[in-house]
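Worksheet: the structure to be examined is printed underneath.
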Amino acid sequence: MIYTFVLLDKANALDLRQKLRPSHRAYISQVADRIAFAGGLVGDDGKTRVGSLLAIDFHSREAATAWLNEEPFTKGGLYASVQIHAFLNLWPQNTGFPEQ
């Protein structure tokens, strides 16, 4: 099952985000083969980071929650708000993801 993580940063957390980013990237790379999509949430200016949106395949909500609890941004106190939701993809992706 795909679980989405809607993760909103605390106010004025850019320095903390940048400090923790290398360990975050290393941690998330451990599940890279199970990521449906992942990226930053930004303000209306298209630049200011306000959080993250991840969609990752886990066998259960408990596994998804356990993974998030060990994630460096979580452990470092970056997030003001965390939501985890099961996700059913009912529409083929045609836009929004530039070629890498």
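The number of residues in the stretch 44-100 that are in a loop (DSSP other than H, G, I, E, B), open to solvent by less than 20 Å² (accessible area, probe 1.4 Å) and closer than 23 Å to Leu20 by Cα comes to 2. Selection of the stretch 1-15 for residues being open to solvent by 90 Å² or more (accessible area, probe 1.4 Å), assigned to a loop (DSSP other than H, G, I, E, B) and among the aliphatic types (A, V, I, L, M) yields only Met1.
The values are calculated or read from the model by the stated rules, or taken from the named source; none is laboratory data. Nothing here was measured: the structure is a model prediction, and the numbers come from that model. Side chains included, ligands, DNA and RNA excluded: accessible areas come from the protein's heavy atoms. Shrake-Rupley method; radii C 1.70, N 1.55, O 1.52, S 1.80 Å.
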